[in-house]
Amino acid sequence: MSGKQRHFFPGGNTSKGFYSFYRYILSQDEARRIICIKGGPGTGKSSLMKKVAKIFLEKGYEVEHHHCSSDNNSLDGVVIKGLNIALLDGTSPHVVDPMNPGAVDEILNMGQCWNEEGFKVFKPFIMDTNKKVGKIFRRAYRFFGAAKDIYEDWYTFNNEALNFNKLSLLKEELKNEILPNNVSKLGFDRHLFATAFTPNGIVTYIENLIEGFEKVYVLKGGPGTGKTSVLQYIYEEAVRRGFYVEVFHTPLTPDRIEHVLIPDLGVAIVTSNEINNIDFSGKTYDMNTLLNQNTLEKNKSEIQDVKETFYMLLNKGLTCIKGAKSLHDALETGYIPNMNFDRVNQVSDEIIQRLLKYEEEYLKGK
């Protein structure tokens, strides 16, 4: 029996640089064990996590795959739901260190599997390449920052045309349709990315994340049309009514919301926006109908210029991320020849056996 797979990005390349929601992968209070894996590129971190994910998925568990925004085919983390076990990549830029060593967390050092002497000849290459990668990422973040500034211009043009009375009515309509009136206890929230700027362009997993949700509400519109305001309102009201809410942030401006999911109600409120461009199936609200078309018409040429500039800058940032990935891949040539892969496999097998023991203890205690 195969379990359920869910895919996320715990961190993102944004206009604010690398932005982390790692603390929401698995909390210390609910975790049985968190294993922080340290090691360079090509040392087997992601391969181990994929192996663990496959084993427990085949056992029927729900498994979360937390993808790396700088290489979406690689994993930054795996969570086995039910067992409450996580494996996390603890290397830069998402440095993760044990908060409660021994009790919850531990470090798995893949450096124990390499030949340290062999790195001497690669030291200048590794250090130089890491500097170049860092420089390219900083350039990418400057492009994303510039794109965000232009985005604010686009946002302002639309927001000036927004009918706030109609927006308020829409908020109340959605709240009354989605949320029950009773308030039991304060709920809680979890924050991650469903969409990321990656070497393969803009990648989103939102369609995977809303699988099985009975009610999907789609907010369709550009910047400044009120989407974030609606999402923020429903999210806060849902938490106030005692629900667990999954909040997914935008990769461009991480303090803004892209989607809200309320699993207990089977409700997903998603946005079809200028970044993901997804045509969702669901009850759709065209946010452009809340805009004064006469106001937009007066600024038509300026809005078009802003849109073109925004996408030009965004694509330049994405090109940088792709270039950084190529350089980062080259780093593996300094690590792979010095890895003892028999030892890597041995360490991986030891970890897997321990996780299976945790499962056995968990099942006995049920």
request  = Would you mind stating whether Leu290 is of a type outside the set (S, T, N, Q), open to solvent by less than 70 Å² (accessible area, probe 1.4 Å), farther than 30 Å from Glu117 by Cβ and modelled with pLDDT under 95?
outcome  = no
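Residues are listed down the side, and each one gets a yes or a no for (1) surrounded by fewer than 18 Cβ atoms within 10 Å (Cβ to Cβ); (2) in contact (Cβ under 8 Å) with a residue 40 or more places away in the chain; (3) within 20 Å of Ala324 (Cα to Cα):
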residue	(1), (2), (3)
Lys4	yes, yes, no
Phe9	no, yes, yes
Thr14	no, yes, yes
Arg23	yes, no, no
Leu26	no, yes, no
Asp29	yes, no, no
Ile35	no, yes, no
Ser47	yes, yes, no
Lys50	yes, no, no
query = What do you reckon, is Thr198 open to solvent by less than 10 Å² (accessible area, probe 1.4 Å) and in contact with a strand residue (DSSP E or B) (Cβ under 6 Å, 6 or more places away or on another chain)?
reply = yes
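Rundown of residues vs (1) crowded, with 19+ Cβ neighbours inside 10 Å; (2) modelled with pLDDT of 95 or more; (3) not in a loop (DSSP other than H, G, I, E, B), yes/no style:
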position: Asn182; (1), (2), (3): no, no, no
position: Val216; (1), (2), (3): no, yes, yes
position: Thr228; (1), (2), (3): yes, yes, yes
position: Leu231; (1), (2), (3): yes, yes, yes
position: Glu246; (1), (2), (3): yes, yes, yes
position: Leu252; (1), (2), (3): yes, yes, no
position: Leu261; (1), (2), (3): yes, yes, yes
message = Consider region 52-66. How many of its residues are assigned to a loop (DSSP other than H, G, I, E, B) and either in contact with an Asp or Glu (Cβ under 7 Å, 6 or more places away or on another chain) or open to solvent by less than 20 Å² (accessible area, probe 1.4 Å) (or both)?
response = 0
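The values are calculated or read from the model by the stated rules, or taken from the named source; none is laboratory data. All of these numbers come straight from a predicted model, not from anything done at the bench. FYI the Cβ positions are ideal-geometry reconstructions off the backbone, even for glycines, and counts take in every protein chain you see. All accessible areas refer to the heavy atoms of the entire protein, side chains included, with ligands and DNA or RNA removed. Shrake-Rupley method; radii C 1.70, N 1.55, O 1.52, S 1.80 Å.
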